[in-house]
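Okay, so here's the structure we're looking at.
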2 protein chains.
Amino acid sequence: MQTSESLERVAEELSKLPSIGRKTAHRIAMHLAKSSSEEVTALSDSLLQLKERIKLCSICCNITEEDPCSICSSEKRNHKTLCIVEEPGDVFAIEKTNEFRGGYHVLHGIISPLDGIGPEDIKVKELLMRLGGDIDEVILALNPSVEGEYTITYLSKLIKPLNIRISRIARGIPVGTDLEFADEITIAKAIEGRITL
Amino acid sequence: MQTSESLERVAEELSKLPSIGRKTAHRIAMHLAKSSSEEVTALSDSLLQLKERIKLCSICCNITEEDPCSICSSEKRNHKTLCIVEEPGDVFAIEKTNEFRGGYHVLHGIISPLDGIGPEDIKVKELLMRLGGDIDEVILALNPSVEGEYTITYLSKLIKPLNIRISRIARGIPVGTDLEFADEITIAKAIEGRITL
């Protein structure tokens, strides 16, 4: 059956977004077709405004509306400690914990030789330029994937000669989970990273 | 932490859509912030175009770009049989089966006294006007919820005196599912609706 062309186009555009599959995209398109013009315009406007306003912070490469971003320009933070993350979303995740008061550096990706992504495709050059300044600690908060491990190895080789303290966030059993549901590698890493009491 | 205002606005608009929660909305907003202007504009344009072009078919009340819709104007279909559904999405779901060759009527909702939705709030009047014409069978394909049952009872009381054959789609065990995972009511309905072999 031929469904409407404009409906299909919305569904197609939506299904390009993360977490939205073909079926959900169709369901949302149907919902929008029934929604009022004001609701759809509000969504459409918010998208256009986002693209107009958002840029990358010239210091930490996080997404921001003002350059430098609120973290880089804050006087309350310790800019000698840098937390390296893959994506802007990771900054928000760490900020929500209220535990870290240093600065960030967003790589916008991860080194992945299999996908043809090398250090020059992510913000490694920008990181090295910052490390030439007044930085004494770097915390690697990358995801514990194969590519994450590879990137951690690559970056630590680059950073160690600069005489900067370097660490990675702990791998272990998530709080609130049962040991019995954790996979072997996580358990092994949790034992390896045990803390003396 | 203050995340960007325009990002929050996109996330808020997205989280109003079905199947998108707060967290997914945020993730998509992040994704869009990193996407190219062309991609975001394509999405935004498709939304505006949808609202411009989509209207309700004056016959079956389904959403369409042309009035009457392709089903109502098709000569290959049997317009004496009407399948009554709640939402436009249900039409697409039934069309995908390629089993039904009659016409449709979209109610755009369901009678739900608890939510204050009566027959006058959905397309019942439009249905009755059509039934005055040349219709000899009505199939009620409403969802098997409490409100669905209520609406089925209501409509069948209205339609029966018109001397039109009326039926409802079968309730039973979904194909490919195990009996052991079905709830009691579904099993009871499946037994009740058993077919003699």
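The values are calculated or read from the model by the stated rules, or taken from the named source; none is laboratory data. Because the structure is predicted, anything quoted here is derived from the model rather than measured. Here the Cβ positions follow ideal geometry from the backbone for every residue, glycine too, while neighbour counts run over all protein chains shown. The accessibility values were calculated without ligands, DNA or RNA, using every heavy atom of the protein model including side chains. Shrake-Rupley method; radii C 1.70, N 1.55, O 1.52, S 1.80 Å.
Using Cβ point charges alone (K and R +1, D and E -1), the dipole size of chain B about the Cα centre works out to roughly 380 debye. Taking the average, over residues, of other Cβ atoms within 10 Å as the packing measure, peptides A:170-183, A:88-101 rank A:88-101, A:170-183 from highest down.
A Förster distance of 41 Å, applied to the separation of the beta-carbon atoms of B:Ser15 and B:Arg171, puts the FRET efficiency at 0.75. Ligands, DNA and RNA left out, the accessible area of the protein assembly as shown computed with a 1.4 Å probe is 53% carbon and sulfur. Label-point spacing at B:Met129 relative to the other copies reads 6.7 nm, in ascending order, each point sitting 7 Å out from Cα along Cα→Cβ. Dipole magnitude for the protein assembly as shown: about 220 debye, using +1 per Lys or Arg Cβ and -1 per Asp or Glu Cβ, origin at the Cα centre. Surface analysis of the range B:12-67 yields an accessible area of 48 Å² per residue, using protein heavy atoms and a 1.4 Å probe. With the convex hull constructed from alpha-carbon coordinates only, the range A:78-196 shows a mean projected area of 8.7 nm² over all directions.
Across peptide B:50-61, what mean number of C-beta atoms from other chains lies inside 10 Å of a residue's C-beta? Shielding by partners across B:50-61 averages 4. Can you classify the range A:10-55 as rounded, prolate or oblate using the Cα gyration tensor, where a ≥ b ≥ c are the square roots of its eigenvalues, rounded means a/c under 1.5, and otherwise it's prolate if a/b beats b/c and oblate if not? It is oblate, given that a/c is not under 1.5 and a/b is not larger than b/c. The rotation axis bringing chain B onto chain A passes closest to the chain B residue reported with its distance as B:Ser44, 2, by C-beta distance in whole Å. Take B:71-82, B:158-169, A:9-20 and order them by the average number of nearby Cβ atoms within 10 Å per residue, most first; the result is A:9-20, B:71-82, B:158-169. Note on A:38-45: average number of Cβ atoms from other chains within 10 Å of each residue's Cβ is 6.
For the pair A and B, the buried accessible area comes to roughly 4800 Å² in total, with a 1.4 Å probe and the value rounded to the nearest 100. Note on A:Ser58 and A:Asn143: the model spin-label points, each 7 Å out from Cα along the C-beta direction, lie 3.1 nm apart. Bridgeable lysines around B:Lys157 (alpha carbons under 18 Å apart, same-chain partners fewer than 8 residues away excluded): B:Lys123, B:Lys125.
When you count the other C-beta atoms within 10 angstrom of each residue and take the mean per peptide, A:135-147, A:51-63 line up highest first as A:51-63, A:135-147. Three semi-axes describe the equivalent ellipsoid of the protein assembly as shown; taken as square roots of 5 times the Cα gyration tensor eigenvalues and ordered largest first, they are 55, 26, 18 Å. Need one word for the range B:142-194: rounded, prolate or oblate. Basis is the Cα gyration tensor (sqrt eigenvalues a ≥ b ≥ c); a/c below 1.5 gives rounded, then a/b vs b/c decides. Prolate is the answer for the range B:142-194, as a/c is 1.5 or above and a/b outweighs b/c.
Here A:Ser36 yields copy-to-copy label distances, from shortest upward, of 3.7 nm, the label point defined as 7 Å from Cα along Cα to C-beta. Length available on full extension from A:Ala93 to A:Glu8: 0.36 nm per residue minus the Cα-Cα distance, which gives 27.2 nm.
For the pair B:Leu162 and B:Ala182, label points projected 7 Å from Cα toward Cβ lie 3.2 nm apart.
Please give the FRET efficiency for B:Asp67 paired with B:Leu114, using the beta carbon to beta carbon distance and R0 = 35 Å, rounded to the nearest 0.05. My answer for the efficiency is 0.55. Rounded to the nearest 500, the helix-only mean residue ellipticity at 222 nm of chain A stands at -12500 deg cm²/dmol, with each DSSP H run of n ≥ 4 adding -39,500 (n - 2.57). Name the most mobile residue of A:Leu107, A:Leu128, A:Leu50, meaning the one with the largest mean-square fluctuation, in a Gaussian network model of chain A with Cα contacts below 10 Å. Among A:Leu107, A:Leu128, A:Leu50, the largest mean-square fluctuation in the Gaussian network model of chain A belongs to A:Leu50.
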